[in-house]
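Below you'll find the structure, written out as structure tokens, and then a few comments.
The values are calculated or read from the model by the stated rules, or taken from the named source; none is laboratory data. Only a predicted model underlies this, so the values are computations on that prediction, with no experimental measurement involved. For neighbour counting, all protein chains shown are included, and Cβ atoms are generated from backbone atoms with ideal geometry for every residue, glycine included. Heads up: the accessible areas ignore ligands, DNA and RNA and are worked out on the full protein's heavy atoms, side chains in. Shrake-Rupley method; radii C 1.70, N 1.55, O 1.52, S 1.80 Å.
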Amino acid sequence: MSDPGGGEGSIAERKMRFLFALRSRGVTDARVLNAMEQVDRGLFVRGLFADRAYEDMPLPIACGQTISQPTVVGLMTQALEVGPRDTVLEVGTGSGYQAAILSMLARRVYTVDRHRRLVREAEVLFAALNLRNIVAITADGSHGLPEQAPFDRILVTAAAEDPPGPLLAQLKIGGIMVLPVGQSDAVQSLIRVRRGETGYEYDELRPVRFVPLIEGVSYD
Ligand code: SAH
């Protein structure tokens, strides 16, 4: 039986299995692996499931949301081809884990979530980890962030039926956006959009399953 990367053993052993699972499932970019080694997923999972933070599975977080599966985080980050001078927009802060990884690779990360509570909790973690290049904002990310646009890279971690128009418009020429598209409960596809001089090119990366992108903001 293959172990998904956690469960038993010391924290050091679990972390080693975590990184091994990432590599064996296609996360091969050295910068992405390094970022995922540095950012401790254990800090972003709380309560009942904290014990399973180093397993390769999505886990529940507050507000009925989920922290994505580490392999999916790795593959999405890799597909985004983030460079050290890039400004990145992430839609769907959730636990803040993905934003923390992006912050190790990019110049600046804007991350937005529709749940104010998630944004606040993520901000506490970013401060504790001294990740100063992340700006977390409570907003409906399907409109993007017009005031900070355009972006070199956009990563969406909740599924829409189609790529939201404002996000396409806020992508720089030469920019890349990675996002899941499809019906919320059906199988979704992870797609990569490249914006060229004359239009957008799409390629389909793999089937995925994300929580839906929902309109409006929740101030609970
Ligand atoms: N990237 C996160 C996981 C995201 S789960 C992590 O690393 O933990 C998806 C998140 O998208 C949820 O927190 C949900 O509240 C958020 N979301 C859904 N619709 C949204 C919208 N329109 N604007 C902003 N955030 C949204």
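Identify the single condition in (1) of a type in the set (S, T, N, Q); (2) surrounded by fewer than 21 Cβ atoms within 10 Å (Cβ to Cβ); (3) near the ligand (Cβ under 8 Å from one of its atoms); (4) within 17 Å of Ala21 (Cβ to Cβ) that Thr66 does not satisfy, given that it satisfies every other one.
Just one mismatch for Thr66, condition (4).
With respect to Phe49, is the statement that it is of a type outside the set (Gly, Ala, Ser) and touching a Phe, Trp or Tyr at 6+ places or on another chain (Cβ under 7 Å) true?
no
Are there any strands (runs of 3 or more DSSP E) wholly within segment 165-210 with 3 or more residues that are touching a residue at least 12 places away in the same chain (Cβ under 8 Å) and hydroxyl-bearing (Ser, Thr, Tyr), and if so which?
It comes to none.
Of the conditions (1) touching a residue at least 60 places away in the same chain (Cβ under 8 Å); (2) within 11 Å of the ligand (Cβ to nearest atom); (3) assigned to a loop (DSSP other than H, G, I, E, B), Leu155 satisfies every one except a single condition; which number is it?
Of everything listed in (1) touching a residue at least 60 places away in the same chain (Cβ under 8 Å); (2) within 11 Å of the ligand (Cβ to nearest atom); (3) assigned to a loop (DSSP other than H, G, I, E, B), Leu155 misses just condition (3).
Would you be able to say whether some residue in segment 6-24 is within 17 Å of Leu59 (Cβ to Cβ), without any contact (Cβ under 8 Å) to a residue 60 or more places away in the chain and of a type in the set (Phe, Trp, Tyr)?
Yes, some residue in segment 6-24 is within 17 Å of Leu59 (Cβ to Cβ), without any contact (Cβ under 8 Å) to a residue 60 or more places away in the chain and of a type in the set (Phe, Trp, Tyr).
On the given criteria, is Thr111 at pLDDT 95 or above, open to solvent by 30 Å² or more (accessible area, probe 1.4 Å) and not basic (Lys, Arg)?
No: the conditions fail for Thr111.
Do any residues in segment 36-63 that are over 14 Å from Met16 (Cα atoms) have Cβ atoms under 7 Å from those of residues that are part of a helix (DSSP H, G or I) and aromatic (Phe, Trp, Tyr), where the two are at least six apart or on different chains, and which pairs are they?
Hits for this filter: Phe44/Tyr97; Leu59/Phe49; Pro60/Phe49.
Which one is farthest from the ligand (Cβ to nearest atom) among residues in segment 162-186 that are of a type in the set (Gly, Ala, Ser) and farther than 23 Å from Val109 by Cβ?
So, considering only residues that are of a type in the set (Gly, Ala, Ser) and farther than 23 Å from Val109 by Cβ, the one farthest from the ligand (Cβ to nearest atom) is Ala186.
Condition first: assigned to a loop (DSSP other than H, G, I, E, B), of a type outside the set (Asp, Glu) and either open to solvent by 90 Å² or more (accessible area, probe 1.4 Å) or at pLDDT 75 or above (or both). Now tell me which residues in segment 3-24 satisfy that.
The answer is Gly9, Ser10.
Report whether or not Ser189 is polar (S, T, N, Q), within 13 Å of the ligand (Cβ to nearest atom) and modelled with pLDDT of 95 or more.
When the stated conditions are applied, Ser189 does not pass them.
Go through segment 89-124 and report how many residues are near the ligand (Cβ under 6 Å from one of its atoms), more than 13 Å from the chain's Cα centre (by Cα) and more than 18 Å from Arg46 (Cβ to Cβ).
Result for segment 89-124: 1.
If only one of Val32, Val27 is closer than 21 Å to Val208 by Cβ, assigned to a loop (DSSP other than H, G, I, E, B), aliphatic (A, V, I, L, M) and modelled with pLDDT of 95 or more, which one is it?
Step by step, each of Val32, Val27 is checked, and only Val27 is closer than 21 Å to Val208 by Cβ, assigned to a loop (DSSP other than H, G, I, E, B), aliphatic (A, V, I, L, M) and modelled with pLDDT of 95 or more.
Looking at this structure, is Leu205 within 17 Å of the chain's Cα centre (by Cα), more than 16 Å from Ala79 (Cα to Cα) and not acidic (Asp, Glu)?
Taking the combined requirement at face value, the residue does not satisfy it.
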